[in-house]
Structure formats: structure tokens, C-alpha cells
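The values are calculated or read from the model by the stated rules, or taken from the named source; none is laboratory data. It should be emphasised that the depicted structure is a prediction, and the values quoted were computed from it without experimental measurement. Cβ placement follows ideal geometry from the backbone for every residue including glycine, while neighbour counts extend to all protein chains displayed.
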């Protein structure tokens, strides 16, 4: 009985958002599915051609490697930031949160151009190193994998900090007290209390950053090198340059499927925990 | 809007925002004045659009009362295709790249043009039924003359590809069109025998310099990478090199007219354009000799009008290829690229990844 009411209330609250998603997102999405099988005629030819092309395979592996590494780096760095924020008094935390949120609200394009100034051959880092070491240093930090990962990580960190921080703040301080009264050292408390209890936030963050990085487009285009072609850039190539929307749609469907494949287990896991 | 005047590369976000998923959203259309005393022109903005406004659009509006609306838009044909599919055409004149114009022509994106409004005798490149060419430009080799004196830098494509004789880092665009032709010319193929391209041979020649190439992500880098000393020789455009020789242009660079690729910039009218007649009048005005001379004095490219070529300022003419019959030069075949850009573009991307 209680459960039914609960479901009904839930459905009621979700219906406005669901209506918008279904009305605005679904038709174009269906159109993309339709285009992927409808080129010259109705067929799976585009999928066949795309999936077997060397270009696609290369872009796919680049996408998975870049998404994996940037998620991992963002998770580690974001966790540390969240941990620090969780230990601050509320007022101070609010101020520090701005440092996380400001870059989060800044356009990714603006951030990419800023990184060009910071990471370039004549950029801030290289000039600083040259000045310190007294000789000309020109580390290749941009237009390659390094620049791409720096840009991606910078972009994704806030998306880890927010859910992890929420999880950390939800931990009852009494548990920490109990652990330390029982004689646990800080390291032990961290691994047996903090980490397990932050897992819901960690997985929520991981899920969103990994799925988002699968679709990265601007950062690889502006900060990556010619070898850092990701799936979205390949979609852009077929969509804009050769106007083969059938192939562009086929790759889009593949990216969408990948997002589902990676998201589903995590989502299921979270539901079971809940 | 064409590649050499663009400040953004073809790969940047604009193209992406008009991505595959955006197509059905075009159904809703965008508000554009429907009145017949206006005309809508696509341009990517920047100094190129400023020059067009000053020398073409403003005087045209003054003379005819027809207002010119400039719509900022990406270089590619994705949105044009979406407009054609949905039948919701809101733009009139497109000026993108020559290869795209030819490709659009093949796909039926353009309206036929009224040649009776044009002085065909005066045009440098003859228009086709749906494309008029309003200017041409050369591309070739640029270098820093303070670093490389006479005889110390490559002047022809064969020398540009000779890493032993002229060691140093080269800047190239990561595109198939242009690079393929340059490689074949460098390997000794005569300009008249270039098309159809011997693609395998072209890639073999490109392999010779691959390890010394810096790939330009954006057109301005063809110049900036030379000026900052990151590279030694660049594939560039004379109007860009001209700008470095003007006040505020930074380190002045030099450009070789010994061997060039020659391209042309198109004007097309979208099929089903809302202000078709005004569009044709604007194109005719655009090609008038006096308009052409003013425009190209400013842009530093080759005017599409023969008369304008003689009345241009000597200052601007310095950056126009001095010998229009130079046997080393190659006129890029737009029709060839309209047919082959997809396969060769994909192959170029693959080649870059290996």
C-alpha cells in the first residue's frame, strides 16, 4: 500500500521532466537511429562500413583509453579535493566551493584557450621552467595526449567533487568518533569508514564523468594532437566534412550504446545498494 | 567564408554544434526577415566579414536600399543539407570553400544563377550554372627571411619536400586537398598530369616529410608557428604573409611565388532561397570591377574581375602572383574534390593516425 503511493508520488514528480525528455530528446534520437540505417536505402551497410574501418577502430580505442585515464585522474584528484572540503567548517567550505564551481561554470572553449596559454611551447609552464633552470625548455604539453588529458581532467573534476562531497558530508560524525575511540588510526579510519561510505558518491561521479568523456569533442579537437581523434570528432568529420549522415549516425548510435553498456551495471549496482 | 580567411579550423565546435542530432531541430527553423528588400549572407565573422561589409555590403545597401543580413555560420555544408531536407531555407548566399561549392552543386543544393547580370568577359574564372567565383588565391611556401636568407629556404614544392637539402620543421594543414597535389608536384608530376591524383604515390611522398611536419590545427597557426620559431617553413597564403609585413603584424615573413596552388572562392545561392533575386543582384554587385578592386586592396587576394586586377593598388598587387601563366602553378580541380573528398579525407585522417 505504502509502496504504491510512493510509486505514484514518484511518477507524479517525475512526469514534467520525463515529458520534456520524451518530447524534445526522443524524436531527434529516433531520427538519428533512422538515419543510421537509412542511407541510400534501408540497410545496415553504414554500420558494416564504419565498424570495419581502421579509422573507427583507432578512434574507438583512443576514446576508451582517454575516457579511462581522464576518469581515473579526475577521480583521484577530485576525491582529494572533496575530502579537504568535507573537513572545512561550513562557511569556509562555501567559499572554497567557489573555486570548484567557477571553472565548472566557465565555458569549455574558454578553458581550452586558457590552457593553450599555460601549456604552450612558449607558455607559462615552459617559460617558468626555462627561467628556473636557466636554459630554454620547450616540453610538448599541448596538441598531444598530455594536453588532452590535462584538459579533460580539469573539465571533469567538479563532476567528481560534487557527488563525493555529498556522500562524505552524509557520513555521521559519530562513526568517526566511535572508530577513533576504539583505537583506529587515521589511515584505518580512512580505509574502513571514509572510503566505503563515500562509494555511492564515487560511483555516481565515475558514471557521469566516464559517460561524458566518451562523448568529448571540443577538448580533443583543441588540445589534442592529430592522433587524438575521438569518436565525436569522427562523427563531426562524417557529419560536416563529407556529409555522410548515415555513417555519422551509425557512430552516434555506437557511442550511445557504449554509454548504456557502461552505465547500466553501475546504475543497477547503485539501485541494489539503495 | 573560406579556409584561408577563417580564424577557426574546420574541426572546431561550430561544425559540431550543427551535429547529426541537431538536424531535426532545424524543423523549427530560425527567424529571418522575410521581406523582399533584404538578403541573408553567410559569413563566419572576423576581419574577412568586416572587409566584405565595408566594401561590398554597405555600398550595396546604400545604392539599392536592400539590407544585407550577415548570419554567422560554420564553413561546412551540414546545415545547408539540413535546410534542403526540411525545406526550411532561411539563407540566401553562401560563400564557403570551392570544393564544398562543387560538392553542393553535385548534390543540388544551389539555385541556378542569372549570368545576364554578370560581365562574363571581365571574370577571371568563368562561372558554372550555379557557382560564381568572386576571388582567387594562391598558396605556397612561407619562411622567416631573418632566419633563412636567399637560397637557404625552399621555394618550390620539390624543395619543400627535400628534408635533406633544407632541414627543418614544416607546417602543413591536416587536409587531403592541397597536400596531395603538393606532394605529387614535389615528386615531379607535371601540373597538367596531376588529375586524377595518384593517391598512393602522394602518400608515399608525404611519408618522406611526415616526421618533420607540425600540423596546424587552425589557419592562423600557419603563420604563428613560423613567427614563434616552432617551425621553419610553412604552407601558407600570401594575404596572411602580407599581414605580417604590416604594422602590428609581428615578425615579417616572406612568401614564394615560384610555385603555387591556385584556388577560387565561390558564391552560391541556396536552392529555395527566400530572397533569390536580391541575392543575384548582390552577387553581380560583388563582382563589379570597382568593388573588386576595393575589396582585394583590403583582403590582398586575387580579384575575380580582370579590370580590378589592373586598378588595384601597387601595394596589394605585390601579394598577387606576378605571373598568371607560371607553368609551375597548379589550378586546384574543385570537381575532382567534390567527388573524392570523402574517401581521400578519411584516408588522410587514417594516415595521420598511423
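List of remarks:
- Residues located in segment B:183-197, provided they are in a loop (DSSP other than H, G, I, E, B) and surrounded by 22 or more Cβ atoms within 10 Å (Cβ to Cβ): none
- Hey, residue B:121 part of a loop (DSSP other than H, G, I, E, B) and within 24 Å of residue B:290 (Cα to Cα) or not: no
Quick grid of which residues meet (1) modelled with pLDDT under 95; (2) in contact with a helix residue (DSSP H, G or I) (Cβ under 7 Å, 6 or more places away or on another chain); (3) not in a loop (DSSP other than H, G, I, E, B):
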site	(1), (2), (3)
B:140	no, no, yes
B:147	yes, no, no
B:151	yes, no, no
B:154	no, yes, no
B:159	no, no, yes
B:166	no, yes, no
B:181	no, no, yes
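- When each of B:246, B:230 is tested for being within 13 Å of residue B:169 (Cα to Cα) and out of contact with any strand residue (DSSP E or B) (no Cβ under 6 Å at 6 or more places or on another chain), the lone residue that passes is B:230.
- Here residue A:260 does not fit the description of being touching a helix residue (DSSP H, G or I) at 6+ places or on another chain (Cβ under 7 Å) and part of a helix (DSSP H, G or I).
- Residues in segment B:50-105 that are farther than 23 Å from residue B:272 by Cα and without any contact (Cβ under 8 Å) to a residue 40 or more places away in the chain: B:50, B:53, B:58, B:62.
- Condition broken by residue B:3, with the remaining ones in (1) within 14 Å of chain A (Cβ to nearest Cβ); (2) at pLDDT 50 or above; (3) in contact with a helix residue (DSSP H, G or I) (Cβ under 7 Å, 6 or more places away or on another chain) satisfied: (3)
- Exclusive hit being in a helix (DSSP H, G or I) and either free of Cβ contacts under 8 Å to residues at least 40 places away in the same chain or loosely packed, with under 14 Cβ neighbours inside 10 Å (or both), set A:184, A:174: A:174
So that you can scan it fast, the table gives a plain yes or no per residue for (1) under 14 Å from residue B:160 (Cα atoms); (2) within 14 Å of chain A (Cβ to nearest Cβ):
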| site | (1), (2) |
| --- | --- |
| B:177 | no, yes |
| B:180 | yes, no |
| B:190 | no, no |
| B:209 | yes, no |
| B:218 | no, yes |
| B:236 | yes, no |
| B:250 | no, yes |
| B:253 | no, no |
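- Selection within segment A:187-224 - surrounded by fewer than 20 Cβ atoms within 10 Å (Cβ to Cβ) and either touching a strand residue (DSSP E or B) at 6+ places or on another chain (Cβ under 8 Å) or closer than 30 Å to residue B:220 by Cα (or both): A:215
- Residue ID - farthest from the other protein chains (Cβ to nearest Cβ), chosen from residues in segment B:98-114 that are modelled with pLDDT under 95 and surrounded by fewer than 19 Cβ atoms within 10 Å (Cβ to Cβ): B:108
Residue-by-condition table, conditions (1) within 12 Å of chain B (Cβ to nearest Cβ); (2) under 23 Å from residue A:112 (Cα atoms); (3) under 22 Å from the mean Cα position of the chain (by Cα):
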{"residue": "A:164", "(1), (2), (3)": "no, no, yes"}
{"residue": "A:169", "(1), (2), (3)": "no, no, no"}
{"residue": "A:173", "(1), (2), (3)": "no, no, no"}
{"residue": "A:183", "(1), (2), (3)": "no, no, no"}
{"residue": "A:221", "(1), (2), (3)": "yes, yes, yes"}
{"residue": "A:229", "(1), (2), (3)": "yes, yes, yes"}
{"residue": "A:235", "(1), (2), (3)": "yes, yes, yes"}
{"residue": "A:250", "(1), (2), (3)": "yes, no, no"}
{"residue": "A:267", "(1), (2), (3)": "no, no, yes"}
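- Any chance residue B:322 is more than 14 Å from every other protein chain (Cβ to nearest Cβ) and more than 19 Å from the chain's Cα centre (by Cα): yes
- Residues in segment B:44-93 that are out of contact with any helix residue (DSSP H, G or I) (no Cβ under 7 Å at 6 or more places or on another chain) and part of a strand (DSSP E or B): B:69, B:71, B:72.
- Among the residues of this structure, residue B:125 counts as one that is surrounded by fewer than 23 Cβ atoms within 10 Å (Cβ to Cβ) and under 20 Å from residue B:329 (Cβ atoms).
- A single entry from A:67, A:41, A:45, A:59 fulfils the requirement of being under 29 Å from residue A:244 (Cβ atoms) and within 14 Å of chain B (Cβ to nearest Cβ): A:59.
- Residue list for segment B:317-328, restricted to those being out of contact with any strand residue (DSSP E or B) (no Cβ under 6 Å at 6 or more places or on another chain) and buried (at least 20 other Cβ atoms within 10 Å of the Cβ): B:319
- Where residue B:168 falls short, out of the listed (1) surrounded by fewer than 20 Cβ atoms within 10 Å (Cβ to Cβ); (2) within 14 Å of chain A (Cβ to nearest Cβ): (2)
- Within segment A:99-121, the set of residues being over 18 Å from the mean Cα position of the chain (by Cα) and closer than 17 Å to residue A:160 by Cβ comprises A:99 only.
- Set B:162, B:144: member being surrounded by fewer than 17 Cβ atoms within 10 Å (Cβ to Cβ) and more than 23 Å from the chain's Cα centre (by Cα): B:162
- Which numbered condition residue B:229 misses (of (1) within 14 Å of another protein chain (Cβ to nearest Cβ); (2) modelled with pLDDT of 95 or more): (2)
- Matching helices (runs of 4 or more DSSP H) fully within segment B:228-319 where at least 2 residues are in contact (Cβ under 8 Å) with a residue 12 or more places away in the chain and over 19 Å from the mean Cα position of the chain (by Cα): B:276-286, B:289-299, B:306-311
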